[in-house]
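Encoded as structure tokens, the structure appears first; notes follow it.
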Amino acid sequence: MIKHFTKSDINALDQRTRVHFINSLSGFKSANLIGTTNDNGTPNLAMISSVFHIGANPPLVGHIIRPDTVPRDTLSNLTQTGSYTINHVSSLIWQQAHQTSARYAPDVSEFERTQLSEEYIDGVKAPFVAQSQLKFALEVREITPLKINGTILVIGEISHVLVPEFSIQKDGYIDIESIDTVTVSGLDSYHTTDRLARLAYAKAEQPTKLMNLDGSDYDTPVN
């Protein structure tokens, strides 16, 4: 049986139930760790599920930070340094990743408390997560408070990408399933994935066509 929720029904839910309910509606979301550091060099790591693609040229990625009505270490660090990393969460580190959402003091490193390791490369001030298989560094381009609810939109431009070569297909597609990236639904439910298929570019009045993983036609043998 389908249950119909009106706006009044949703507003009548207690706060915690409403938060879980609304957060589940958007379906599966990306599971990422945002790595930053403050001007004093203290690293910070935060679990986030709101990362989204904005554009490929220039390569822009956005994410949402909750209202800064309480201290937000990630936001403070982004404002101070303008440098951050986004690190995919895998099934090997999903529990440690979730633990970073706890409210640690600003002078406490989530890396240390969750037994995740910092990794640095030349030209990037922010730390990567060593255990993450796909990770990229960004430079802040825009930080915009949203008037509708006080959340904050952060847009960054990608400057470096670290990814296993075997996961990159001939057409540039990254097979994130091959590197064990997981996804999240709601606030706290983590999932592994099982790809159905890749589909060719959709064209009007033509049937949907399957593609091979590397982007070649489905009926073309792959060496």
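The values are calculated or read from the model by the stated rules, or taken from the named source; none is laboratory data. If you're wondering where the values come from, they're calculated on a predicted model, not measured in any experiment. Cβ placement follows ideal geometry from the backbone for every residue including glycine, while neighbour counts extend to all protein chains displayed. Ligands, DNA and RNA are stripped out before the accessible areas are found, and what is left, the full protein with its side chains, is counted by its heavy atoms. Shrake-Rupley method; radii C 1.70, N 1.55, O 1.52, S 1.80 Å.
Things worth noting here:
- The lysines whose alpha-carbon is closer than 26 Å to the alpha-carbon of K135, local same-chain residues fewer than 8 away aside, are K29, K125, K170.
- Helix-derived mean residue ellipticity, 222 nm - over the chain, DSSP H n ≥ 4, -39500 (n - 2.57), to 500: -4500 deg cm²/dmol
- DSSP loop chymotrypsin sites (Phe, Trp or Tyr not before Pro) with at most 16 other Cβ within 10 Å: longest gap in the chain: 29-119
- Ligands, DNA and RNA left out, the accessible area of segment 1-120 computed with a 1.4 Å probe is 52% carbon and sulfur.
- Pair-distance distribution of segment 110-223: all C-alpha pairs, bin width 10 Å, starting at 0; shares per bin in whole percent are 10, 25, 34, 23, 7, 1.
- Isotropic mean projected area of the C-alpha convex hull, segment 54-130 (nm²): 6.4 nm²
- The slack in the chain from T208 to I179, taken as 0.36 nm per residue of separation less the alpha-carbon distance, amounts to 7.7 nm.
- Protein accessible area in segment 122-223, 1.4 Å probe - carbon and sulfur %: 52 percent
- Kirkwood Rh in Å, taken over all unlike Cα pairs in the chain: 19.4 Å
- When the inverse distances between all different Cα atoms of segment 1-67 are averaged and flipped, the Kirkwood radius reads 15.3 angstrom.
- For segment 82-171: rounded, prolate or oblate by the Cα gyration tensor [a/c cutoff 1.5]: oblate
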